[in-house]
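Engineer: Got a structure for you, written out below as structure tokens; questions coming shortly.
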Amino acid sequence: MVVAGLVNRLAREKVSMLFQKYICIDWRQFAKQATLRKFNMRLQTSARIHLDHLRFNFHQIQRAIAPARLIPVVKADAYGHGAVRVSNCLVDEGAQLLAVAQFQEAMALRDSGIHVPILIFGRLFPEELPDAIRAGFRLTVFGEEDIRWIEKAAGNRPAHVHVNMETGMGRVGVLPAQEQTVVDMLTRSSHCVWEGVYSHFATSDETDKTYAHLQLNCFQAILRRLKANSQIPPMVHMANSGAILDMPETRFAACRCGIMLYGHYPSKDTGRSIPLKQVMRLTTRIAHLRRLPTGHNVSYGRRWQTDRETTIAVLPIGYADGLRRHLTGQLQVMIGTRRYPVVGTITMDQIMVDVGDDPVNVGDEVLIWGDTENGSIQVIDVAEAMGSIPYELTCGISRRVPRVVVDEEK
């Protein structure tokens, strides 16, 4: 049996050697060549992520809010820009605390080698807490139950916590009736290190700041009660992007900033006192050019017809890439220095552009949004056209679109 097994093994090895020699390719060499082909490949659609613009925005905002500390919000994969690359860049620039929405987002950053504290806005359940405490994450407390869960999960480790106070958002946060009980539990806790207290604005990006000021007054009343009892933690934060721009009185010890870091104002109703550069530049290329006669239908539903003989450029980008179907009839793109309308229904993989009689070519680059030497298309303008906000558009760019890092400072 032993001899037979040895013979069979030797036979298999011989067949394997012959297979490798005469049939199989060198997989390591193939992988290397594939990488080179990928590197040299001319991407049809891509999102260029300008880290130099990210640095510019970070320092512009930090200077504006000083001496308050800037807390970069990198949730939702850094609003579609790539959380790991964005976080590494911001930490290199001096960010001392990052913020995300969910436990798995924080773990992904920690696993990538990012070691600064990370504040998690969302609730953590008991099974997540041991790993979160071990990783040194800053946990948000919403009520008594969170404190009890943390006490059971902490073991011998301290758990740094921030308390979210309800001031009018109506989503999460400690309600007024629970406030004193939660505060007393925290101050008596043997495991919770109370590091911060915060709340969140519902209307800071609107022209009418009446409700935002009501929320601020509510938060300030909470702070006065905490101070009166010597129970206030060191890090107080409430300002988001809209408040940073329009409500300087909300800049407490720290400010949380998301959309502005990526180069966009939260709405057209806010001020623009802080200069910003768009971090994402979304581009594609002309895949087809089709000369169509008068009265020819274009795309699903026959929503658009040519009113003259014209050239239609077909672009390899669609709603599967993040260009929402709601943009049908609203979107313009830039080829060279000129803007052209997207015509017909936006489809899953392609959009059509009426370029008239202009001399464009297959392979020409097309700007969907971002900044270029020839001009820019602002994400906020695209968002307004479909009744949305910049956050939704950048977060919505799908994984099918390669992110290409650009850093003109290095």
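None of the figures in this text is laboratory data; all of them are computed from the coordinates on show. This is a predicted model, so every value here is computed, not measured. No Cβ is skipped: glycine too gets one built from the backbone with ideal geometry, and neighbour counts run over all protein chains shown.
Engineer: Suppose we flag GluC sites (Glu not before Pro) only when DSSP calls them loop and at most 13 other Cβ atoms lie within 10 Å. Which is the longest uninterrupted stretch of the chain?
Structural biologist: Working: sites that count: GLU127, GLU309, GLU373, GLU408, GLU409.
Longest run free of exposed loop sites: 128-308.
Engineer: In a shell of Cβ-Cβ distance under 14 Å around GLY258, excluding GLY258 itself, what net charge do Lys and Arg (+1) and Asp and Glu (-1) give? Walk me through the numbers before you get to the answer.
Structural biologist: Values: positive: LYS75, ARG256; negative: ASP77, GLU105, ASP205, GLU392.
After counting each charged neighbour, the total is -2.
Engineer: Still on this model: So, how do all the Cα-to-Cα distances of region 266-316 break down into 10 Å bins, in percent, from 0 on up?
Structural biologist: 19, 30, 17, 23, 11
Engineer: Pairs of alpha-carbon atoms within less than 8 angstrom and 6+ residues apart define the contacts here; what relative contact order does the chain have, in percent?
Structural biologist: Numbers: 786 pairs, mean separation 69.0, N = 410.
Over the chain, the number comes to 17 percent.
Engineer: Follow-up. State the dimensionless ratio Rg/Rh of region 155-280 (Rg: radius of gyration of Cα atoms; Rh: Kirkwood radius).
Structural biologist: Details: Rg = 16.1 Å, Rh = 15.7 Å.
A ratio of 1.03.
Engineer: In addition: Take each uninterrupted DSSP H stretch in the chain, measure its Cα extent along the helix axis, and return the ones at 15 Å or beyond whose mean Kyte-Doolittle hydropathy is at least -0.5.
Structural biologist: 2-22, 51-65, 210-228
Engineer: Looking at the calculated P(r) for region 312-410, what percent of the C-alpha pair distances fall above 22 Å?
Structural biologist: Working: 1340 of 4851 pairs.
When all Cα pairs of region 312-410 are counted, 28 percent exceed 22 Å.
Engineer: Still on this structure, please answer the following. How big is the dipole moment of region 280-406 about its Cα centre under a simple scheme where the beta carbon of each Lys and Arg is +1, that of each Asp and Glu is -1, and everything else is neutral? Debye, nearest 20, please.
Structural biologist: Working: 14 positive and 14 negative charges, 86 e Å.
So the dipole magnitude of region 280-406 works out to roughly 420 debye.
Engineer: Still on this structure, please answer the following. Please report the spacing between the Cα centers of region 104-156 and region 77-94 in Å, no decimals.
Structural biologist: 20
Engineer: Hey, another quick one. Order these by the 10 Å Cβ neighbour count, fewest first: THR283, THR294, THR203. Could the numbers behind the result be given before it?
Structural biologist: Details: THR283 23, THR294 10, THR203 18.
In increasing order of surrounding Cβ atoms, one gets THR294, THR203, THR283.
Engineer: Please state, rounded to one decimal and in Å, the Kirkwood hydrodynamic radius that the chain gives when every pair of distinct Cα atoms enters the mean of 1/r. Kindly include the intermediate steps, with their values, before the conclusion.
Structural biologist: Working: mean 1/r = 0.0406 Å⁻¹.
Taking every pair of different Cα atoms in the chain, averaging 1/r and inverting gives 24.6 Å.
Engineer: Follow-up. In Å, the Kirkwood hydrodynamic radius of region 51-262 over pairs of distinct alpha carbons? Mind showing how you got there, number by number?
Structural biologist: Working: mean 1/r = 0.0572 Å⁻¹.
One decimal place: 17.5 Å for the Kirkwood radius.
Engineer: Using the crude model of +1 on Lys and Arg Cβ and -1 on Asp and Glu Cβ, and no other charge, please compute the dipole size for the chain relative to its Cα centre, in debye to 20. Could you put the intermediate results ahead of the total?
Structural biologist: Numbers: 48 positive and 42 negative charges, 267 e Å.
That gives the chain a dipole magnitude of about 1280 debye.
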